[in-house]
Amino acid sequence: MKKILNALFLTLLAVFTFSSCSDVPAPYDILGEGDVPGLTGDGSKDNPYTVSDLKAKADGTTVAWVQAYIVAGIKSSTDMSISSENDVVFGTQPTGVKATAFLIADDRGESDYKNCSAVNLSGKTAGCSEVKAALNLVDNATTPLPRLVTLKGTLVKNTWGLPGLKEVTTAILEDGTIIGEGGDEPTPPVGGVTFFEESFASDKGTFTIEDKTRPTKVSEIWKWESYTPETGGTASKYMKASAYISATEKEASESWLISPVVNLTKATKASLTFEHAHKFCGDPAKELTIWVKESTASDWTQATIPTYGTNQDWKFVSSGNIDLASYIGKNIQFAFKYISTTSNVGTWEVKNVKIVGEGEGGGPVDPDPTEGKLIFTEKYGSDVDANILTATTAISSFTHWDNSYSYSATTADIRAIAHRTPDNTTETKKVNNIWFPASKSAEFVISGINIAGHTKFIVAYEVASNVYATTETDNLNNLKLTLNEKEVTPISKEVIGNGKVSGIFHEMQVEISVAGIDNSTLKFSTNGTDNKFGIRLYNIRLYAVDGEGGGTDPEQPGDKVYTSNITLPESTNTDANKASGGKVIIKETEYPILKLGTSSALGFWSSPMLQAGVSKLSFYAVGWKAKTGQLTVVIENGGTFEGGETSKVISLVGNDGATGNSPFTITPADTDFYEYTMTGITASTTIKFTTEGATSDKRAIILGINIK
């Protein structure tokens with residue numbers, strides 16, 4: 001009867017509320033005494049799930065927010081699972097309970113454990129230890145129950161015999177205090193379109209393996225494996241990483257399992273999930289990691305794996321949803337990075353890898369860029385059999401070029417070799433290739449290329465090292481690229497000899513931003529120190545990928561622009577300095593941002609080094625919704641603001657759109673724009689943005705950072 005009356009009361013209250021007020025609750029509005037969450041949430045921080053929602057949504061992978069009351073502890077004598085009311089302790093200050101778990105409920109007066117969910121505090125993910133310290137019922141016995149909390153964790157079907165939460169990384173207390181990882185929003189599970197899927201049912205699929213450091217006694221770190229339990233049953237098939245030698249012999253290693261390029265160009269939402277098991281690691285969160293990058297980028301960005309296993313058994317667990325919001329609209333790659341140390345040599349098993357989401361398309365893409373304009377392809381006439389060389393030839397004497405550019409070389413020459421690749425190491429058909437001799441500085445130059453009007457390019461090419469013995473290791477990024485005097489070092493790609501053949505060609509790509517002219521020059525070069533084995537170059541392709549004048553930005557006030565002319569962080573995952581990237585939407589157009597801090601933790605970020613002599617800094621900056629913040633801008637490593645100061649302190653006004661998660665929809669005011677004159681700037685100068693000194697909310701959003 002009581003529940004029926006409560007339900008009627010809530011219904012009447014809802015009718016009254018929505019007929020008399022249209023205000024939306026603030027993100028941290030806390031329920032009053034005796035209130036029960038009356039609306040089903042969506043799992044976000046602003047609209048968290050209830051315990052009832054949790055029970056319905058629990059699937060072992062969803063990471064979400066749940067708001068409820070801590071109402072009971074689990075008796076210390078309870079073994080793994082609650083089986084009756086005798087296994088739990090209700091009351092204002094329960095004693096004789098575990099420090100690793102408690103029960104939560106929607107009703108602050110709940111006394112039936114069957115209406116509760118369990119919260120497991122024994123997580124390994126960053127933030128879990130802080131949450132456990134703040135909420136466990138043993139060390140916080142003087143804090144009376146019921147206690148209202150909002151928790152971020154993985155929704156599981158069974159922990160301590162009940163649906164509940166594991167890997168709880170963040171807690172918001174009743175007074176708004178944030179414990180753990182802070183206010184970053186977990187990504188709700190997205191579905192509808194499978195953009196990529198690899199179960200590893202028969203082999204490594206289209207993934208590639210790069211051993212950065214491999215002990216000589218270990219023949220391979222990543223390998224495909226199938227295991228059938230001795231007791232019988234279905235075989236488990238997965239990719240396995242291990243640098244194990246013996247119990248007494250441990251060596252450092254690093255190996256990457258890298259995905260093919262995945263097409264997210266028409267995705268609107270996407271998240272990566274996989275199942276994994278691991279054992280014998282020292283710190284799984286440091287030794288077993290996931291990394292993501294745009295397919296044409298050189299640098300990888302680490303993403304957070306929400307859930308790890310116990311490190312004590314071989315039970316596969318879901319990783320949880322890994323948000324790929326920063327890569328929507330792009331072609332991407334992701335990689336599993338395994339390391340071992342001289343102290344700990346773990347084993348990592350991975351299977352059932354998926355990228356799912358909303359939008360169109362999906363699947364791996366051709367390694368060549370599909371967007372942009374192809375300027376040229378140069379294979380040195382290899383598509384015609386009659387052009388294949390039978391002897392080493394000087395560049396100046398070669399006549400079978402595919403294009404009418406000017407070609408020159410220093411030390412390098414051209415010769416033919418079988419076109420062996422990682423997928424076909426026995427190929428016998430030969431191709432012409434540029435040879436950069438071992439232990440010598442050499443270069444190959446193509447000039448007279450008309451790329452006027454373009455400013456962003458992709459250079460794709462095939463490169464091979466002459467490593468042969470299994471003890472020989474080389475890095476293919478020892479071949480440098482220069483376009484119009486802008487030199488770029490490709491992403492690291494180490495290769496190891498297989499003891500069978502040398503000269504295996506690998507596909508490489510680099511992205512270069514530089515002004516194109518009608519007589520541009522592309523140069524490939526090596527130095528004698530790094531090039532220890534000799535390098536071969538084949539199949540050069542140049543693309544312009546900055547479009548051809550399509551579209552304009554929304555009208556912006558005068559010289560004030562929302563785009564930035566320096567590189568900002570791309571990942572929306574907060575780094576160790578509480579800084580991240582993201583987007584804002586202004587007049588239906590997205591712009592990159594720098595996001596600093598959380599409600600309680602300051603954030604800071606330093607720009608790339610500036611160009612000597614620049615004299616103008618401008619940007620937009622806003623504070624969090626309904627909050628007052630502070631941003632300090634500091635010139636470091638040379639130079640001052642006009643007047644001799646090295647720092648500027650700005651009081652931030654909260655913007656109504658600065659709430660929730662990226663992308664933020666905001667309308668900057670003229671008063672949100674800041675512009676400063678600088679003097680004495682050197683090539684070592686950087687600009688630091690920090691919320692240090694803010695007395696209350698420590699968040700800031702900065703965009704349109706321009707340095708001229």
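The values are calculated or read from the model by the stated rules, or taken from the named source; none is laboratory data. Predicted model, so just to flag it, every value in this text is computed and none were measured. Neighbour counts run over all protein chains shown; Cβ positions are idealised from the backbone, glycine included.
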* Asked: Of the residues Ser684, Ser651, Ser662, which is closer than 17 Å to Leu602 by Cβ and out of contact with any His (no Cβ under 9 Å at 6 or more places or on another chain)?
  -> Ser651
* Residue ID - modelled with the lowest pLDDT, chosen from residues in segment 54-65 that are surrounded by 21 or more Cβ atoms within 10 Å (Cβ to Cβ) and out of contact with any Lys or Arg (no Cβ under 9 Å at 6 or more places or on another chain) -> Thr62
* Would you please list the contacts, defined by Cβ atoms under 9 Å and residues six or more apart or on different chains, that run from a residue in segment 469-486 that is in a helix (DSSP H, G or I) to a residue that is small (Gly, Ala, Ser) and crowded, with 19+ Cβ neighbours inside 10 Å? => Leu476/Ala464; Leu476/Ser465; Asn478/Ser465
* To do: Among what's in segment 337-374 and is hydrophobic (A, V, I, L, M, F, W, C), part of a strand (DSSP E or B) and farther than 26 Å from Thr268 by Cβ, pick the residue that is modelled with the lowest pLDDT.
  => Leu374
* Specify the residue that is nearest to Ile328 (Cα to Cα); the eligible residues are those in segment 241-264 that are outside any loop (DSSP other than H, G, I, E, B) and hydrophobic (A, V, I, L, M, F, W, C). => Val262
* Asked: Right, Ala700: on the phi < 0 side of the Ramachandran plot and without any contact (Cβ under 8 Å) to a residue 24 or more places away in the chain or not?
  -> no
* To do: Filter segment 413-425 down to residues that are without any contact (Cβ under 8 Å) to a residue 40 or more places away in the chain and part of a loop (DSSP other than H, G, I, E, B), then give me how many there are.
  => 1
* **Meets criteria (modelled with pLDDT of 90 or more and buried (at least 22 other Cβ atoms within 10 Å of the Cβ)) for Phe102** => yes
* **Residue among Lys166, Lys152, Lys132 that alone is buried (at least 21 other Cβ atoms within 10 Å of the Cβ), assigned by TED's automatic domain parsing to the domain that holds Ser81 and farther than 19 Å from Ala99 by Cβ** => Lys152
* To do: Looking only at segment 640-657, decide whether some residue is outside the structural domain of Ser44 (by TED's automatic domain parsing), buried (at least 18 other Cβ atoms within 10 Å of the Cβ) and within 23 Å of the chain's Cα centre (by Cα).
  => no
* Pick from segment 427-461, criterion of a type in the set (S, T, N, Q) and either touching a residue at least 60 places away in the same chain (Cβ under 8 Å) or touching a Ser or Thr at 6+ places or on another chain (Cβ under 8 Å) (or both), ranking: surrounded by the most Cβ atoms within 10 Å (Cβ to Cβ) -> Asn433
* If a residue has to be closer than 19 Å to Tyr562 by Cα and within 21 Å of the chain's Cα centre (by Cα) to count, how many in segment 588-604 make the cut? -> 7
* Structure fact -> Residue hits (segment 680-693; over 28 Å from the mean Cα position of the chain (by Cα) and closer than 19 Å to Val649 by Cβ) are Gly693
* To do: Collect the residues in segment 175-211 that are hydrophobic (A, V, I, L, M, F, W, C), part of a loop (DSSP other than H, G, I, E, B) and at pLDDT 70 or above, keeping them in residue-number order.
  => Phe200, Ala201, Phe207
* Would you check which residues across segment 571-585 are surrounded by fewer than 21 Cβ atoms within 10 Å (Cβ to Cβ) and of a type in the set (A, V, I, L, M, F, W, C) and list them? => Ala576, Ile585
* Structure fact -> Counting only residues that are among the charged types (D, E, K, R), surrounded by fewer than 19 Cβ atoms within 10 Å (Cβ to Cβ) and farther than 16 Å from Ile172 by Cα, segment 40-53 contains a total of 1
* Among the residues of segment 586-599, write down those that are surrounded by fewer than 19 Cβ atoms within 10 Å (Cβ to Cβ), assigned to a strand (DSSP E or B) and among the charged types (D, E, K, R). => Glu590
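Table: residues versus (1) over 30 Å from Leu324 (Cβ atoms); (2) among the hydrophobic types (A, V, I, L, M, F, W, C).
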site: Leu594; (1), (2): no, yes
site: Pro608; (1), (2): no, no
site: Gln611; (1), (2): yes, no
site: Leu617; (1), (2): yes, yes
site: Gln630; (1), (2): yes, no
site: Val633; (1), (2): yes, yes
* What number of residues within segment 375-394 are in contact (Cβ under 8 Å) with a residue 12 or more places away in the chain, outside any loop (DSSP other than H, G, I, E, B) and more than 43 Å from the chain's Cα centre (by Cα)? -> 2
* Can you tell me which residues in segment 56-89 are among the polar types (S, T, N, Q) and either outside any strand (DSSP E or B) or over 23 Å from Gly180 (Cα atoms) (or both)? -> Thr61, Thr62, Ser76, Ser77, Thr78, Ser81, Ser83, Ser84, Asn86
* Asked: Looking at Asn498, Asn484, which is the one that is surrounded by fewer than 17 Cβ atoms within 10 Å (Cβ to Cβ) and more than 26 Å from the chain's Cα centre (by Cα)?
  -> Asn498
* Asked: Going through segment 470-481 one residue at a time, which ones are at pLDDT 90 or above and surrounded by fewer than 18 Cβ atoms within 10 Å (Cβ to Cβ)?
  -> Lys480
* Using the structure shown, decide if Thr677 is more than 31 Å from the chain's Cα centre (by Cα) and in the same structural domain as Val584 (by TED's automatic domain parsing). => yes
